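Please read the structure below before turning to the comments.
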Amino acid sequence: MQRETLYDAVFDAQADYRLLLDAMARPGKINKLPRRGLTPPPGLSEAAASVGFALLDANAGFFVDGEDVAITRYLVVNTSARPVGIAEADFVFAGGLASPSLVASMKKGTLAYPDEGATLVVDVEELAAEVRGLGREVEAAERHVTPDSDSTLALTLSGPGVAGERVFFVRGLNTTLVQALQECNAEFPLGVDLVLADGAGRIACIPRSSKVKWAIIN
Amino acid sequence: MIENTKFQHRYNFAFIDESTKKEIRRKLLKAVAIPGYQCPYSSPEMPIARGWGTGGLHVTLAIIGREDIFKIIDQGSDASVNACNLRDFVQAMTGCRTTFDTTEATLIQTRHRITEEALTAEQVFVFQVPQPEPLRSVERYEYRTRQMHGEADYAKMWVSLYESFVRHGDILLGAGYPVRINGRYIMAPSPIPRWDIPNLHQAETLYLFGAGREKRLYAVPPHTTVEPLEFEDVRFHIEDFNGQVCNQTGYRKAFLDEIYSDDGSKQFVVNDSNFLDKLRAGEPIAPFVNAYIQQIES
């Protein structure tokens, strides 16, 4: 498995982390991670790999949805992190169409130590801050249309980090996964924090403190 | 000959090793995701003693990059001993540019003050915290306060505020007035004066808190509701300088220091040194605006 030699573990990790911290502090804000020339195996985007590289080390346990061998090996070789079962994982890497049961099996933390709740890193097809002319359609959209893999979701966030409400758009994210996350994070401060990543290096975060509304646009 | 360059630098960039930085970074993300919650962390050894700003330093060094412009203040002053030494240390360990100018800085570390000038979304503001536990005055055991936070059981805190009012006619908490974050956690804002508390509410900036001795990290994200604890009939108020003005500039809408003369008389001067410099030089200023400061007549 390829060891990434172009990645600078000090400065690239720091720069990516600052963008990640900014995205977590401002839920729904889309930040673009610089291209690092990483070559992750299929199923893991460069942005998701960068998130892993910035945060994982030998003290963090991670789980890859479907126990994908190539991705697991890739992250172990490059970060020295420990592959563990989903119930113990601090970080879970998954695709946008992953089964919602994934979220239910993740660590949510305890009332005394809610920070032990896991972080879910999800690869989606595309993240966008704006979709031209969609404003009216969002209003009109039915909330419980049957989703399919190609549909675009409008996610409306409110709570800490958001002035009023912030809307952003995701393609390739299963609505059932969003629902599972809503249920999982219903009992603040327990819950799971979500990092969305797409193929163009964009990331957006939904911490457990955010209230999420969603609508299918098409 | 193959040259060994690995040991030519005695320290890693920003002093802390990468593995520990990652641990602090992971904890900071959780702190941001759970506003006001005190997240335990490793608090590694630093070349200064714990309790002298190590928590703030850990946060700063875990997030600082080569492009950052660093500013550090101690009780509003760029020139105070704690600020000067930590500035020298950060500068030596990172090679970052440092500044006194609040608006120019991208990363600001502070001891016990928020700057008078409004902070922006491009800046990150790091507090040095001596005691992160707001409930410590009413409950001595950590496992109990942790349980109280977990259950949002803040009755003892309210009773202590009530008792303070009944005994003394006011809530006698000057620095570090307890606040409630996003309607959930009660948080110690570090010993900033009451004057600065309203500036935490719905701010543009990300506020990060590091308590090195107590090994806790916490955060207030931008645009977060921060309410000082108050009763319906006993409201929170900021410091009242009885109409005193700064003796250097005549300015009155800033936090003032009392300066005592040999004859026992006292004068007042703007506490924030960069703000004072700007006022004296007549440079443009962009101070924080909040309902409490607006009530002061200019």
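What to note about this one:
- Total residues in segment B:169-184 satisfying the condition of being charged (D, E, K, R), within 14 Å of chain A (Cβ to nearest Cβ) and surrounded by fewer than 20 Cβ atoms within 10 Å (Cβ to Cβ): the figure is 1.
- Residue within segment B:273-293 that is within 14 Å of chain A (Cβ to nearest Cβ), closer than 30 Å to B:A31 by Cα and in contact with a His (Cβ under 9 Å, 6 or more places away or on another chain) present: no
- Scanning segment A:30-49 turns up no residue that is part of a strand (DSSP E or B), away from every other protein chain (no Cβ under 14 Å) and of a type in the set (V, I, T).
- Residue check, A:L196 farther than 28 Å from A:R36 by Cβ, of a type outside the set (K, R) and at pLDDT 95 or above: no
- Cross-chain or 6+ apart pairs with Cβ under 8 Å, segment B:135-151 first and more than 10 Å from chain A (Cβ to nearest Cβ) and more than 18 Å from B:I34 (Cβ to Cβ), then part of a helix (DSSP H, G or I) and of a type outside the set (A, V, I, L, M, F, W, C): B:R136/B:T145; B:S137/B:S160; B:V138/B:K156; B:V138/B:S160; B:E139/B:T145; B:E139/B:K156
- Condition check for B:P191: closer than 30 Å to B:T20 by Cα and more than 14 Å from chain A (Cβ to nearest Cβ): yes
- Residues that are within 7 Å of chain A (Cβ to nearest Cβ) and either surrounded by fewer than 23 Cβ atoms within 10 Å (Cβ to Cβ) or closer than 9 Å to B:A62 by Cα (or both), drawn from segment B:13-26: B:F13, B:E18, B:S19, B:K22, B:E23, B:R25
- Criterion (at pLDDT below 95 and closer than 25 Å to B:N199 by Cα) met by exactly one of B:L119, B:L173, B:L135: B:L173
- A:T72 being more than 13 Å from every other protein chain (Cβ to nearest Cβ), touching a Pro at 6+ places or on another chain (Cβ under 9 Å) and without any contact (Cβ under 8 Å) to a residue 24 or more places away in the chain: yes
- The criterion of at least 1 residues that are among the basic types (K, R), at pLDDT 95 or above and over 16 Å from the mean Cα position of the chain (by Cα) is met, among helices (runs of 4 or more DSSP H) falling completely within segment A:68-177, by A:69-79.
- Checking B:G53 against (1) closer than 24 Å to B:A175 by Cα; (2) surrounded by fewer than 24 Cβ atoms within 10 Å (Cβ to Cβ), the condition it does not meet: (2)
- Taken over segment B:88-118, residues that are surrounded by fewer than 18 Cβ atoms within 10 Å (Cβ to Cβ) and at positive phi amount to 1.
- Count of residues meeting criterion [more than 10 Å from every other protein chain (Cβ to nearest Cβ) and in a loop (DSSP other than H, G, I, E, B)] in segment A:186-201: 6
- Residues that are out of contact with any Pro (no Cβ under 7 Å at 6 or more places or on another chain), among the small types (G, A, S) and at pLDDT 95 or above within segment A:39-57 comprise A:S45, A:A47, A:A48, A:S50, A:G52, A:A54, listed in sequence order.
- Matching residues, segment A:202-218, being surrounded by fewer than 21 Cβ atoms within 10 Å (Cβ to Cβ) and in a loop (DSSP other than H, G, I, E, B): A:I217, A:N218
- Residue list for segment A:45-96, restricted to those being in contact with a Leu (Cβ under 7 Å, 6 or more places away or on another chain), small (G, A, S) and more than 23 Å from A:D12 (Cβ to Cβ): A:A94, A:G96
- Test for B:T60: is it closer than 26 Å to A:A23 by Cα and away from every other protein chain (no Cβ under 14 Å): no
The values are calculated or read from the model by the stated rules, or taken from the named source; none is laboratory data. The structure displayed is predicted, hence computed values, not measured ones. Because the Cβ atoms are built from the backbone with ideal geometry, glycine has one as well, and the counts that use them run over all protein chains shown.
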